[in-house]
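This report concerns only the one structure given below.
The values are calculated or read from the model by the stated rules, or taken from the named source; none is laboratory data. Please read all numbers here as calculations on a predicted model, not as lab measurements. Here the Cβ is made from the backbone with ideal geometry for all residues, glycine too, and neighbour counts use every protein chain on show.
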Amino acid sequence: MAQPAPKQIIITGASSGIGTALASAYAAPEARLGLIARRESALLALAARLDCQCSVYPLDVRDAAALQRAAADFMTRFGCPDVVIANAGVSQGTLTQYAEDLPAFQATLDINVMGMVNTFQPFLAAMREKRSGVLVGIASVAGYRGLPGAAAYSASKSAAISYLESLRVELKRDGVQVITVCPGYIATPMTENNPYPMPFIMSAEAAARKIVSIIRRRKSYAVFPWQMAWVASLLHMLPNWIYDRLFSRAPHKPRRGHGS
């Protein structure tokens, strides 16, 4: 059942892509947004053009203490948020063979998984006490199977999907809802240099509208667009020998600072 529009919303990764589009989608005179990202200038520019009250928190989601301070400040100003969206994420090509890629593996897992944990943790006690609130994790269809050249990203999104499911069942009796969102390809800075076709790619604005609808309907798990939901389900069911044959020669996402 559709729910009324939330008033207090936290969004990480708000400085670009889906995060910026979500902030714009939720902006309304009665809304109170907590905007979190590393780039302060981009957050301030976004807040200046939104028709609502915004609190800007320039920080790295790997910094749990900084997120705890931001959460405390937001709740002091506006109370417990209605919705917390853990959207911050990174994607880059990685290959296990290269020692220089080890920091990229670590950063991807830390941001995409622990960043989500760090985002939710400071709000849980207040939400459980209030017996309301929605935690939304932006995962990816890339978490369904390991993609060649994207081991860190696929692993991080698979871990995020499992983490969110664990959290959902942990909080089921507490009145706090957990929503897993798995987008397909979205036109953002994260995908603009991908050297391969990206079927059914959506704009960040269209993705944000879809996510807002998913949250409003309180769907516990959603994949979009629908074509990618079908493709992801099919890939998940493929026997390994077929999947391996199809993807062993697939083009890789470029490694940072490398051409392949």
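Checking the range 54-69 against the condition returns a match, with at least one residue being in a strand (DSSP E or B), out of contact with any Gly (no Cβ under 9 Å at 6 or more places or on another chain) and free of Cβ contacts under 8 Å to residues at least 24 places away in the same chain. Just wondering, is there one or more residues in the range 34-51 that are over 16 Å from the mean Cα position of the chain (by Cα), assigned to a loop (DSSP other than H, G, I, E, B) and surrounded by fewer than 16 Cβ atoms within 10 Å (Cβ to Cβ)? Yes, some residue in the range 34-51 is over 16 Å from the mean Cα position of the chain (by Cα), assigned to a loop (DSSP other than H, G, I, E, B) and surrounded by fewer than 16 Cβ atoms within 10 Å (Cβ to Cβ).
Filter the range 92-108 down to the residues that are touching a helix residue (DSSP H, G or I) at 6+ places or on another chain (Cβ under 7 Å) and either within 16 Å of THR12 (Cβ to Cβ) or part of a strand (DSSP E or B) (or both) and list them by number. Hits for the range 92-108 are THR94, THR108. Condition first: touching a residue at least 60 places away in the same chain (Cβ under 8 Å), under 23 Å from MET202 (Cα atoms) and not in a loop (DSSP other than H, G, I, E, B). Now tell me which residues in the range 125-151 satisfy that. Within the range 125-151, VAL136, ILE138, VAL141, ALA150 meet the criteria.
Checking ALA187, ALA222, ALA207 one by one, the residue that is among the small types (Gly, Ala, Ser), in contact with a strand residue (DSSP E or B) (Cβ under 6 Å, 6 or more places away or on another chain) and at pLDDT below 90 is ALA187 and no other. Checked against the criterion of being at pLDDT below 95 and among the hydrophobic types (A, V, I, L, M, F, W, C), the candidates VAL141, VAL134 yield just one match: VAL141.
Kindly indicate whether any position in the range 5-17 is within 20 Å of ALA139 (Cα to Cα), part of a helix (DSSP H, G or I), in contact (Cβ under 8 Å) with a residue 24 or more places away in the chain and within 17 Å of the chain's Cα centre (by Cα). Yes; the residues of the range 5-17 include at least one that is within 20 Å of ALA139 (Cα to Cα), part of a helix (DSSP H, G or I), in contact (Cβ under 8 Å) with a residue 24 or more places away in the chain and within 17 Å of the chain's Cα centre (by Cα). Here the range 120-175 is the region considered, the condition is being acidic (Asp, Glu) and surrounded by 15 or more Cβ atoms within 10 Å (Cβ to Cβ), and the residue that is farthest from the chain's Cα centre (by Cα) is ASP174.
Of note, GLN68 does not satisfy the criterion of being at pLDDT below 95, polar (S, T, N, Q) and either at negative phi or touching a Ser or Thr at 6+ places or on another chain (Cβ under 8 Å) (or both).
Being touching a Leu at 6+ places or on another chain (Cβ under 9 Å) and under 17 Å from ARG38 (Cβ atoms) is the filter here, so list the residues in the range 103-137 that pass it. Result: GLY115, MET116, ASN118, THR119. Each residue in the range 20-39 was checked for being under 20 Å from MET116 (Cα atoms) and out of contact with any Leu (no Cβ under 8 Å at 6 or more places or on another chain), and 4 pass.
Contact map, the range 216-242: residues that are of a type outside the set (Ser, Thr, Tyr) and surrounded by 12 or more Cβ atoms within 10 Å (Cβ to Cβ) paired with residues that are in a helix (DSSP H, G or I) and modelled with pLDDT under 85, Cβ distance under 7 Å, separation 6+ or inter-chain. Pairs shown: VAL223/ALA229; VAL223/ALA232; LEU235/TYR243.
Scan the range 61-83 and tell me whether some residue there is of a type in the set (S, T, N, Q), crowded, with 18+ Cβ neighbours inside 10 Å and over 17 Å from the mean Cα position of the chain (by Cα). No, that holds for no residue.
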